[in-house]
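Each value in this text was obtained by applying a stated rule to the coordinates, not by laboratory testing. Because the structure is predicted, anything quoted here is derived from the model rather than measured. Please note: Cβ atoms are built from the backbone with ideal geometry, for glycine as well, and neighbour counts cover all protein chains shown.
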Amino acid sequence: MEIQKIAEEIANKIGEEKVSTEKFHRMTYSRDWSPRDAKETILPDLVVVPSTTEEVAEVVKIAHKHRIPVVPFAGGTGMGGGVSPVRGGITIDTKGLNKILEIDEKNLTVTTQTGVTVLNLNRELEKHGLWWPHDPESKPSSTVGAAVSCDNDSTFGIKYGKLVDHLLNAVIVTGTGEIVRLGHRKALCTSTGYKLHWLLIGAEGTLGIVTEVTLKVFPKPETRAVEAAVFKSISEAIGALQRLLTAGLSVESAHINCKKRLGFYTHAYREKYGREPEIPDWAEALLFVSFNGDEEVVRFSHQYALRILQESGGLKVKEQEIIDGWWTSKHTLKFEPYKQKWPDSQRTKKFGAADLGIPIGRIEEAYQKFLQIAEKNQIEVLGMCVYNERPNRVSPSISFAVFVDDSNPDEVRRFYKYVEEMSKMAVDLGGTMSTYIGDGDRLGGFNRYEHGEALNYMKKIKEVFDPENIMNPGKKFESRWIKPEK
Ligand SMILES: Cc1cc2nc3c(=O)[nH]c(=O)nc-3n(C[C@H](O)[C@H](O)[C@H](O)COP(=O)(O)OP(=O)(O)OC[C@H]3O[C@@H](n4cnc5c(N)ncnc54)[C@H](O)[C@@H]3O)c2cc1C
């Protein structure tokens, strides 16, 4: 059926002001932040901006009837090509779903439509003394629905956990246009049924559109302290972090940077303040750590931590500006990317990453392989940062970041080859191919290497939610860049 006719059919259901076939509009929905040559972007045929679950269901029912792909689009900051309409079809801009439905102070939950940005959700929660401790740098644009759908990580995972620790229930519009609530209302734990709401975490729109979620939230802590120390090795920095946790300190976030990334901080310091920071040449790793809670607890944690860091071989970073630079770059809108963290090359190239989960004892090994794989594929290394995602433990989600000139098609292809080799390396080391970006249109050609026969069961699960394979096709089970393996 002609796309104009389908647009009219949808407009009759949800209003013509919410439907567009204009090329100008469609272009803005053609890609996300992942490296790709502009010539290779694909436009959706139609864009719709529904504002209720029922309107989303009307659109999907029509798509299902005509067997047309449906791609959910949120802030477009994804790094795995998740919003790319690889088979054209209807892009649903979920930002029309922008209402916060309930802030329940007594039960410490929030129920919201999923197109609300992470920043706006936290602004509203703050008025009630509450906080959703999910804080990606992309928060001004990225939405709650995308955080769930990509299983994102957040700076505060080491205290508060990941989405699996926060998501209590969700409403989904499936691939047939049915509206289904999954989860266990506001209960924080359950042993009934299957935990189907958790299937939505990291589903990237392939099972349906998540239109509403209830999340666990937390009282906003009184204060925080931020600290940094350098170490002779990455393993030493990991050991120090382990000690901070074992001691029972109130650690809320911890990032371990490799020497390359440390170099960006010192470079930015030199550029901005015109002096040399007192970082010794032997420094191979930089640990940033922050503590939160009541004033007295934070003060104690901070002082005690300084002792542990020193006993573990760390040297405190003296330049407060470097510490503030990290915090500012992660959490505020005052971020001046080139001044605080990134070198000049970031102006022309964008950063791309392999986001791997590596077992703690094999991180040094993974780092060496990272340098080799990047060199082999002629990709410029940006550096490694170890984030920590699960409460009270060293729980590595590692960004192996590189620079990619995405006006160069050959470099873009080499980048995806780099991602493939890095991903397989993670599996060989006993880890996983992705910890916050997701499969997108990157990993599908080779993720049987990680999942084996389980991939067949995943396909069957998708069929239950989406029998016609219209929900974000071309993702998770296929790659645009790498041919499938037998
Ligand atoms: C500067 C920068 C900093 C970043 N920092 C972080 C970080 O700290 N931590 C981190 O984990 N990531 C980070 N990211 C990656 C990115 O921001 C996240 O993956 C984020 O979740 C994407 O959100 P978005 O709203 O832009 O989603 P989009 O890119 O629009 O969509 C992402 C995926 O989710 C699907 N989707 C979106 N909404 C729904 C829905 N309602 N139902 C079903 N599927 C849906 C889309 O189809 C797509 O597959 C960063 C990216 C950038 C550019």
Inset, instruction - Rounded, prolate or oblate: pick one for the stretch 268-324, where a ≥ b ≥ c are the square roots of the eigenvalues of its C-alpha gyration tensor, a/c under 1.5 means rounded, and failing that, prolate if a/b is larger than b/c, else oblate. - result: oblate
Legend entry - Expected 222 nm ellipticity per residue - DSSP helices of 4 or more, -39500 (n - 2.57), all of the chain, to 500: -10000 deg cm²/dmol
Inset, instruction - Calculate the dipole size of the chain relative to its Cα centre from +1 charges on Lys and Arg beta carbons and -1 charges on Asp and Glu beta carbons; express the result in debye to the nearest 20. - result: 380 debye
Inset, instruction - Report, in cubic angstrom per residue, the convex hull volume of the C-alpha atoms of the stretch 1-55. - result: 104 Å³
Inset, instruction - Note down the relative contact order for the stretch 1-65 as a percent, whole number, built from C-alpha pairs under 8 angstrom at least six residues apart. - result: 37 percent
Inset, instruction - Compute the distance in nm between two label points, each set 7 Å from the Cα along the Cα-to-Cβ direction, one at His267 and one at Thr246. - result: 3.6 nm
Inset, instruction - Take every Cα pair under 8 Å in the chain that's 6+ residues apart, average their separations, divide by the length, and report that relative contact order as a whole percent. - result: 17 percent
Inset, instruction - Can you grab the distance from the C-alpha centre of the stretch 366-445 to the C-alpha centre of the stretch 292-310, Å, no decimals? - result: 34 Å
Legend entry - Hull shadow area, averaged, the chain [alpha-carbon convex hull, nm²]: 22.7 nm²
Inset, instruction - Evaluate E = 1/(1 + (r/R0)^6) for Phe218 and Thr28, where r is the Cβ-Cβ distance and R0 equals 30 Å; express this FRET efficiency to the nearest 0.05. - result: 0.30
Inset, instruction - Would you mind calculating the relative contact order of the stretch 341-486 from Cα pairs under 8 angstrom and at least 6 residues apart, reporting the percent as a whole number? - result: 26 percent
Legend entry - Inter-label distance for Glu17 and Glu380, nm, one decimal - labels placed 7 Å from Cα along Cα-to-Cβ: 4.7 nm
Legend entry - Cβ-derived FRET efficiency at R0 41 Å, Arg123 paired with Lys318, nearest 0.05: 0.75
Inset, instruction - Compute the FRET efficiency between Cys189 and Glu137 as 1/(1 + (r/R0)^6), taking r as their Cβ-Cβ distance and R0 = 45 Å, and round to the nearest 0.05. - result: 0.90
Inset, instruction - Measure nothing fancy, just the Cα-based angle from helix 295-311's long axis to the longest principal axis of the chain, in degrees from 0 to 90, nearest 10. - result: 60 degrees
Inset, instruction - Using all C-alpha to C-alpha distances in the stretch 369-486, build P(r) with 5 Å bins and read off the rounded percent in each one. - result: 2, 10, 18, 21, 20, 13, 10, 5, 1
Inset, instruction - Calculate, axis by axis, the spread of Cα positions in the stretch 171-289 along the three principal axes, and write the results as whole Å, longest axis first. - result: 61, 33, 29
Inset, instruction - Mind running the shape call on the stretch 1-151? Use the C-alpha gyration tensor, a ≥ b ≥ c as the square roots of the eigenvalues: rounded below 1.5 for a/c, prolate if a/b tops b/c, oblate otherwise. - result: oblate
Inset, instruction - Pop a pseudo-label 7 angstrom from the Cα along the beta-carbon direction at both Lys417 and Gln368 and give the gap in nm to one decimal. - result: 2.4 nm
Inset, instruction - Would you please report the Å³ per residue occupied by the convex hull of the alpha carbon atoms in the stretch 127-172? - result: 104 Å³
Legend entry - Charge context of Leu286, other residues only, Cβ under 11 angstrom, K/R +1, D/E -1: +2
Inset, instruction - Let me know the whole percent of all Cα-Cα pairs from the stretch 232-290 that are separated by more than 15 Å. - result: 54 percent
